Amino acid sequence: MSEHGVPGTLVATSIAVRYGARAALDGVGARVVPGEVLGVIGPNGSGKSTLIRVLAGVRAPSSGTVQLDGRDLHALPRRERARRIALVPQETHLSFPIRVRDLVLLGRAPHTGRFGLERADDLRAAHEAMARAAVLELADRPVDELSGGERQRVVLARALAQDPEILLLDEPTSFLDLKHAVLLLDLVRELCRARGLAVAVVLHDLNLAAMYCDRLLLLDRGRVHAVGTPDEVLTYRDLCAVYGTELYVALNDVTGRLVVLPLSREHRERLVRTPP
Amino acid sequence: MSSHPHASSGDPEALVARVTATRLGLLHGICAAVLVVVVLAALLVGPVAVDPIAAWRAPADDPAHVIVFEARLPRVVLAAAVGGALGLGGAALQALLSNPLACPHVLGISGGAALLGILAMIAATVPGAAALGLGGAAGLVIVPAAAFAGALLTALLVQGVARTGGRVTPHTLLLTGVVFNAFAAAVITFLNTLADFYRAQGILAWVVGTITVRGTAWTLVCVATLVAGLVLLAASARDLNALGLGDEGAASLGVDVARARRAVYVAVALLVAGAVPVSGMIGFVGLIVPHVVRLLVGSDQRLVLPASMWAGAAFLVLADTAARTVLGATELPVGVVTALCGGPFFLFLLRRQAAQALGDVS
C-alpha cells in the first residue's frame with residue numbers, strides 16, 4: 001500500500017464542473033478502489049453522470065484533479081488511460097450496422113497499432129470478454145437486432161475487452177427489466193470480486209444500489225451529501241431530504257440490506273396523520 | 001466459421017481476425033485487378049473502333065496506337081485517380097460525420113478547392129505571371145496548393161457556420177455545404193466571364209466537372225495526393241471505427257477526437273486538391289460509392305476506405321467512358337453523368353434517412 005492506496009485506485013479530489021454559470025459538480029471527491037463496487041446515487045441533475053465521465057477521463061473538470069496511482073489522469077496518454085479505465089455508457093448509439101464480435105473487438109482499439117490490425121492476443125482478449133459477459137453465442141448477430149439486455153451485456157464485453165483495471169458504468173440498467181438488470185449487476189459484482197476490478201456504477205434504483213454496492217456516494221445538486229456503506233448512506237432522513245419526497249426505508253430480512261420505496265400522495269398523507 | 005457452428009463455445013480461434021495485413025493486401029490486390037479490367041474495357045470504347053491487339057503491336061505513329069495510348073489511356077488513368085480520390089474522400093467524411101449523405105461535394109469542400117484553385121490558375125495565366133515565377137511549371141504547385149487551402153478553409157467555415165452551442169447539427173452542416181458549393185460555382189462563373197480575355201479557357205468545365213488531361217505532371221500530382229490521402233486515412237481507420245460509438249465513446253477508447261477529425265479533414269483536402277485542378281467539381285461519386293462498398297464489405301472502415309477508393313476509380317472510369325461516347329462525337333461533361341446517377345440516389349437516401357429518424361422517434 002502506497003500513499004495513493006492499492007495500485008489501480010482512482011481518486012478524485014475537489015472536482016468542479018461548470019456549464020456556463022451552472023455548476024454540475026462542486027467540490028466532489030470520490031475513491032474507486034480495487035475489489036470494491038462504489039455506487040453513485042442521487043436525484044436527476046445531481047451530477048452522477050458528469051462525475052462518471054470525469055472519472056473516465058472523457059470530460060475534463062473545470063477544477064480539481066483525478067489521479068490514478070498518484071498520476072494525474074489528464075496527463076496520462078489517452079491510449080494508456082483507455083487500457084486501464086473502461087466506460088459503459090447508458091446507451092450506445094451506433095451510426096453504422098455492426099456485428100457483436102466487431103463491437104467487442106473495438107474494445108481492443110487502445111491495444112492495437114496505428115493501422116488497427118488485430119493480433120492473436122487481441123482475439124483472445126475479445127473472446128474471453130465475450131465469454132465473461134455471456135455473449136459468445138451472439139458473436140455473429142448484428143448489434144441492432146439485440147434486445148436491451150443482450151445489448152448491454154455486449155457493451156460490457158466491449159469494455160472488458162479493453163482489459164481494464166477500473167470499470168465505470170453510467171446507469172447501465174436504466175433500460176433493462178428486473179431480470180436483465182440483476183443479471184448485468186451480478187456479472188459486474190462477480191468481475192469485481194474475482195478479478196479485483198475497481199468498479200464505480202451510477203444507479204437510479206436505490207434497492208439495486210443497496211444490494212450490489214460496497215460503498216455509496218450520495219450526490220445532491222452537484223455536492224456530496226453522504227458517503228459510506230449502504231447502511232450509513234441510505235438513511236430515512238438523508239434520502240427524504242435529498243430526494244425531496246417522503247420515502248419508506250426498511251430492512252429486507254431476506255438480504256439483510258435496506259430497501260427504499262417511494263410513497264404516493266395518499267400514503268404520504270396517511271403517514272403524516274399517524275407518525276411512525 | 002459456418003463449418004464449425006459450435007466452435008465459438010471455447011475456441012479463441014473461432015474469433016477469426018477480420019482485418020489482418022494479409023487480408024488488406026488481398027483486398028487491394030483484388031480491387032486493383034478489377035480496376036485493370038475496367039480500364040482495359042474503357043480503352044477499347046470510343047468513337048473509333050480499334051483492335052486492341054493491333055494497337056499494341058502497331059508502331060508508335062500508327063493511328064490505332066495513338067488513339068489507345070495517347071488519347072484514351074491518359075484520360076482513363078486520370079479518371080481512375082480522380083474517382084479514387086472522390087470515393088475515398090466520401091467514405092472518410094461519411095465515417096467522420098456519421099452521416100451517409102456526406103461527401104466532399106455536398107460539404108462544399110470541392111467548391112472551396114475549385115474557387116481558390118481557379119484564382120491561382122488565373123493568376124498563373126495573366127500576362128507577366130511568368131516574370132513573377134507563377135507561370136508554367138509553378139502552376140503545378142500553386143494551383144493544387146491553393147485548392148488544398150480552399151478545401152481546408154471551406155471545411156472549417158462550413159463546420160463553423162453549422163456549429164450551434166458547441167454541437168454540429170448534421171442537416172445544417174450539409175445545407176451549409178450545398179449552399180457554399182452553389183456560391184462557389186457562381187463566383188467561378190463570374191470569374192470566367194471576367195477572365196476571358198486572359199485566355200483562361202475551360203473554366204466553365206470546372207463547375208460541372210470534366211476530366212481534363214493537362215499533362216503527365218498534373219496526373220502525377222493527382223496520383224501523389226491520392227496515395228498520401230490513402231496512407232493518412234488508413235492510419236485513421238481505427239479511430240474512425242471508434243468514432244462510430246460517438247465522440248465520447250471514442251474518447252473512452254483512447255481516441256484523440258479533435259486530432260482524428262483534423263487528420264481526416266487534411267486527408268480529404270489533399271485528395272480534393274489533387275483532383276479538382278484536373279476535373280473540377282464532380283459530384284455524387286463520393287456519395288454513392290461508399291454505400292455500394294459497405295453493402296459488399298460491411299462497415300469496418302479499415303476495409304471501407306480502401307475499397308471505396310478502388311470502387312470510386314472504377315466508377316468514374318465507367319462514367320467518363322459513357323460521357324465521351326454516348327452522344328457520339330459530342331462529349332458530355334462527366335459531372336453530368338454522375339449527377340444523373342447520383343441525384344435520384346441522393347433523394348432515395350434522404351427519404352430513407354427521414355424514415356429511419358421517424359422510426360427512432362416513435
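Could you pull the Rg and Dmax for segment B:12-361, using just the Cα atoms, both in Å?
Final numbers for Rg and Dmax: 20.6, 71 Å.
Can you give me the C-alpha center-to-center distance between segment B:87-108 and segment A:11-42, rounded to a whole angstrom?
Each part reduced to its Cα centre gives a spacing of 38 Å.
Estimate the FRET efficiency between A:L261 and A:R22 by the formula 1/(1 + (r/R0)^6), using the beta-carbon distance for r and 35 Å for R0, to the nearest 0.05.
Details: r = 31 Å, r/R0 = 0.90.
For R0 = 35 Å, the calculated efficiency reads 0.65.
What percent does the relative contact order of segment B:253-362 come to when contacts are Cα pairs within less than 8 Å and at least six residues apart?
Working: 54 pairs, mean separation 29.2, N = 110.
Reported relative contact order: 27 percent.
Okay, which of segment B:290-317 sit inside 15 Å, backbone N to the point 7 Å along the Cα-Cβ direction of B:L26?
Flagged as within label range: B:297-298, B:303.
In what sequence, highest mean first, do B:68-79, B:244-255, B:344-355 appear when ranked by Cβ atoms within 10 angstrom?
Numbers: B:68-79: 20.0, B:244-255: 22.7, B:344-355: 12.4.
In descending order of packing, they fall as B:244-255, B:68-79, B:344-355.
Over chain B, what is the relative contact order in percent, taking alpha-carbon pairs closer than 8 angstrom and at least six residues apart? Could you put the intermediate results ahead of the total?
Values: 549 pairs, mean separation 101.0, N = 362.
Computed value for chain B: 28 percent relative contact order.
Report, for chain A, the % of DSSP beta bridges that are antiparallel, rounded to 5. Kindly include the intermediate steps, with their values, before the conclusion.
Working: 26 of 43 bridges.
Beta bridges within chain A, antiparallel portion: roughly 60 percent.
Applying 1/(1 + (r/R0)^6) with R0 = 45 Å to the Cβ-Cβ distance of B:W56 and B:A145, what FRET efficiency is obtained, to the nearest 0.05? Before the final figure, lay out the partial values.
Working: r = 39 Å, r/R0 = 0.86.
My answer for the efficiency is 0.70.
State, in square angstrom and to the nearest 100, the accessible area buried between chains B and A, both chains counted, probe radius 1.4 Å. Could the numbers behind the result be given before it?
Details: alone 17620 and 14020 Å², together 28350 Å².
Summed over both sides, the interface buries about 3300 Å².
With the crude spin-label approximation of a point 7 Å out along Cα→Cβ, what separation in nm comes out for A:T245 versus B:V297?
5.3
What value does the protein assembly as shown have for Rg/Rh, both radii from Cα atoms and Rh as Kirkwood defines it? Mind dumping the intermediate values first?
Values: Rg = 29.8 Å, Rh = 27.6 Å.
Over the Cα atoms of the protein assembly as shown, Rg/Rh equals 1.08.
Summarise the accessible area of the protein assembly as shown (1.4 Å probe, protein heavy atoms) by the percent that is carbon and sulfur.
Ligands and nucleic acids excluded, carbon and sulfur reach 63 percent.
Describe numerically, in nm with one decimal, the distance between label points set 7 Å from Cα along Cα→Cβ at B:V48 and at B:V168.
With each label placed 7 Å out from Cα toward Cβ, I get 4.9 nm.
For a protection proxy built on the mean count of beta-carbon atoms within 10 angstrom, sort B:305-318, A:242-255, B:181-194, A:24-37 highest first, please.
On the way: B:305-318: 27.0, A:242-255: 13.0, B:181-194: 16.4, A:24-37: 20.4.
The peptides rank, most packed first, as B:305-318, A:24-37, B:181-194, A:242-255.
Taking 0.36 nm per residue of sequence separation and subtracting the Cα-Cα distance, how much length would be gained by fully extending the chain between B:A182 and B:Q356, in nm to one decimal? Intermediate results must be reported in sequence, preceding the final value.
Working: separation 174, 0.36 × 174 = 62.64 nm, distance 2.84 nm.
Length difference between fully extended and current span is 59.8 nm.
Given a 1.4 Å probe, show me the residues in segment B:204-237 buried by at least 40 Å² of accessible surface when comparing the whole protein assembly to the chain alone.
Listed in order, they are B:A235.
Give me the 1.4 Å probe accessible area per residue for segment A:115-174, excluding ligands and nucleic acids, in Å². Don't skip to the answer; put the middle values down first.
On the way: 2090 Å² over 60 residues.
So segment A:115-174 comes to 35 Å² accessible per residue, rounded to a whole number.
To the nearest whole number, what is the average tally of beta carbon atoms from other chains within 10 Å of the beta carbons of peptide B:239-245? Numbers along the way, then the final one.
On the way: counts 3, 1, 8, 6, 1, 10, 11.
Mean partner shielding for this stretch: 6.
For peptide B:247-260, what's the mean number of Cβ atoms from other chains within 10 Å of each residue's Cβ?
Details: counts 1, 7, 9, 4, 9, 17, 15, 14, 5, 3, 2, 0, 1, 0.
The shielding value for this peptide is 6.
The values are calculated or read from the model by the stated rules, or taken from the named source; none is laboratory data. Bear in mind that the values here come from a model prediction, so they are computed numbers and not experimental data. Backbone-built Cβ (ideal geometry, glycine too); neighbour counts: all protein chains shown. To get the accessible areas, we keep the full protein, side chains included, count just its heavy atoms, and leave off ligands, DNA and RNA. Shrake-Rupley method; radii C 1.70, N 1.55, O 1.52, S 1.80 Å.
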